[in-house]
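Heads up, the thing below is written out as structure tokens.
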Amino acid sequence: MGRGVEGFGARRGEGVIARRRFHRAVFCAAGAYNIAWGLYSALDPQWLFRFSGLPLQNHPQIFACLGMVVGLYGVVYFEVARAPERGWLLAAVGLAGKILGPLGLAQLIWSGAWPPSTIILCLTNDLIWWLPFSLYLYDAWPEFRRGLTTR
């Protein structure tokens, strides 16, 4: 049985998604992580290249820009945490990026352009979030769908 509206085991009800408290915590963590990662990557855009043994970039501003984009995703994730009943589309875009990023990296590793050590980029930025984001999308879908039919 559920532990109430905010509990981890909450049941779905109109206007409230299941596991609301859990999802809010996940998206707060994702928001904080993305902002921290984005700031660090903007301030030290060569870190991945040093870590993985790749040659340093001639134009580190490109990686700094990636850091800025990742940091902005953090703001989006905080919005999902603030209003989880209305965050389905934002989280779906976030998960799509977290799937496409590793696919691109896999191609770079497979082709030999980047070393396997660069997988650290996707382990922390993408892969660890697949399950909790997918669970959120599953739980939030009925509310998102309800919003589509009432407009």
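The values are calculated or read from the model by the stated rules, or taken from the named source; none is laboratory data. Remember, predicted model here, so these are calculated numbers, not experimental data. Because the Cβ atoms are built from the backbone with ideal geometry, glycine has one as well, and the counts that use them run over all protein chains shown.
Can you confirm whether region 73-90 contains a residue that is not hydrophobic (A, V, I, L, M, F, W, C) and not in a helix (DSSP H, G or I)?
Within region 73-90, one or more residues are not hydrophobic (A, V, I, L, M, F, W, C) and not in a helix (DSSP H, G or I).
Cβ-Cβ distance below 6 Å, separation of 6 or more or different chains: which pairs start in region 125-137 with a residue that is within 11 Å of GLY94 (Cβ to Cβ) and end on one that is among the charged types (D, E, K, R) and at pLDDT 95 or above?
Listed by first residue and then by second, the contacts come to ASP126/LYS98; TRP129/LYS98.
Checking TYR77 against (1) out of contact with any Phe, Trp or Tyr (no Cβ under 8 Å at 6 or more places or on another chain); (2) closer than 23 Å to SER134 by Cβ; (3) surrounded by 13 or more Cβ atoms within 10 Å (Cβ to Cβ); (4) in contact (Cβ under 8 Å) with a residue 24 or more places away in the chain: exactly one of these is not met. Which one?
The number of the failed condition is (1).
Quick one: would you say LEU95 is assigned to a loop (DSSP other than H, G, I, E, B), in contact (Cβ under 8 Å) with a residue 40 or more places away in the chain and surrounded by 13 or more Cβ atoms within 10 Å (Cβ to Cβ)?
no
Exactly one of these conditions fails for TRP88: (1) in contact (Cβ under 8 Å) with a residue 24 or more places away in the chain; (2) within 20 Å of ALA29 (Cβ to Cβ); (3) of a type in the set (A, V, I, L, M, F, W, C); (4) loosely packed, with under 13 Cβ neighbours inside 10 Å. Give me its number.
Every listed condition holds for TRP88 apart from (4).
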